[in-house]
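The next block holds one structure in the form of C-alpha cells; read it before the comments.
Just so it is clear, none of the values below were taken in a lab; they were calculated from the coordinates. Not measured: the values here are computed from a predicted model. All Cβ positions, glycine included, derive from the backbone under ideal geometry; neighbour counts span all protein chains shown.
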Amino acid sequence: MSEETVLRVDGVSKSFGPVDVIANVSFSVSSGSVVAVIGPNGSGKTTLLRTLVGDLRPTDGVVSYEGPDTDRTIGYLPQQPTFRAGFTAAETLAFYSSLLDGGDPEALLDRVGLVDAADRNVENLSGGMRQLLGIAQATVGDPPLVVLDEPASGLDPNMSEHVFETAARMAGEKRTVLISSHDMALVEETADDVLVLNRGTVAASGTLEELYSRFETDSLRGVLNAIVGETDRVEVVGGNR
Ligand code: ADP
C-alpha cells in the first residue's frame with residue numbers, strides 16, 4: 001500500500017476574534033486511506049476541516065496539499081450541504097460536473113447508489129439521500145482528497161451506516177477520505193487512521209490498534225474517555241476555571 005502524503009498540516013491554528021478554536025495542529029494524511037477525525041462536541045472538528053479545505057484561512061500555520069496535480073484537488077461535503085431548489089439530483093450533479101469537466105452525472109449517482117432518485121427534486125430527497133448527493137458532489141472531478149464533515153449525523157442508524165460506508169468505500173488507491181464523525185462504531189469499522197481532537201488540539205492520533213494499545217482499551221469510546229478524563233484532571237490540578 002502506498003504511503004504517499006496527500007495533505008500536510010503544520011502548526012495550524014484558527015481563532016475567531018479572541019477565541020482560539022484550534023491551536024497548533026499538525027498531522028499528515030497518507031494517500032489511499034480513510035482518516036477519521038473524532039472528538040467531543042465543540043472540540044474544533046468542523047473548524048479544522050473548513051481550514052483544511054480552504055473555506056477558512058488559518059490564523060497561523062500551513063496546510064499543504066501534496067497529492068497529484070489535478071483540476072480539483074480537494075472535494076468537500078460541509079456539515080449542512082445546500083442544494084439549489086428546483087433541480088433534480090441528476091441536474092445538480094450535471095451542473096457541478098459542467099463547471100469542472102467532471103464526468104458523467106449518471107456514474108456519480110451510481111457511485112453513491114442514487115440512480116433511482118436521479119429525477120427527484122433535491123428538496124424531496126430524504127436526509128440520507130441528501131447526504132449521498134453531497135458525497136457525490138464532493139467527488140465531482142475526482143479529487144484525490146475528499147473531506148466529509150459528519151456525513152452520517154442526524155440519520156437513523158441504518159441510513160447512517162449506509163452513508164458512512166458509502167463514504168468510506170470511496171477511499172482507494174487514488175482517493176483519500178477524511179471524515180469527521182461522532183459515531184464511534186462506524187469509525188471503528190472503517191477508519192485506517194484516527195485523529196482525536198480535544199479542545200482544539202490533537203490529543204492523540206494513529207491506527208485503531210495504536211490508540212487501543214496506548215490507552216489500554218479496546219474501543220474508541222475508551223480512548224475518548226481516557227483523553228477527556230486526562231484533561232479534566234489537568235484542569236483541576238491547574239486550578240484554572
Ligand atoms: P466541533 O465540530 O468539534 O463540534 P466546531 O469546530 O464546530 O467543533 O466548534 C469549535 C468551537 O469553535 C465551538 O466552541 C464553537 O462555538 C466555536 N466556533 C466555531 N465557529 C465559530 C465562529 N465562526 N465564530 C466564533 N466561534 C466559533
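Tabulated data
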quantity	calculated
Sequence-distant residues sharing a close amide H with Ile179 (under 5 Å, placed H)	Val35, Ala36, Val37, Leu148
Val19/Arg221 FRET efficiency (R0 35 Å; Cβ-Cβ; nearest 0.05)	0.80
Backbone N within the range 43-87 under 12 Å of label point (7 Å from Phe27 Cα along the Cβ vector)	44-46, 48-49
Degrees between helix 220-238 axis and first principal axis of the chain (Cα, 0 to 90, nearest 10)	40
Virtual spin-label span in nm between Asn41 and Arg84, 7 Å along Cα→Cβ	3.5
Antiparallel bridges, percent of DSSP beta bridges restricted to the chain (to nearest 5)	55
Between helix 157-169 and the chain: long-axis angle, C-alpha atoms, 0 to 90°, nearest 10	90
Rough spin-label spacing in nm, given labels placed 7 Å along Cα→Cβ, for Asn158 and Glu209	3.5
Rounded FRET efficiency, nearest 0.05, which uses the C-beta distance separating Glu189 from Asp101 and R0 of 45 Å	0.85
Contour minus Cα-Cα distance for His182 and Asp69 (0.36 nm per residue)	37.5 nm
Alpha-carbon centroids, the range 1-37 and the range 44-110: separation in whole Å	17
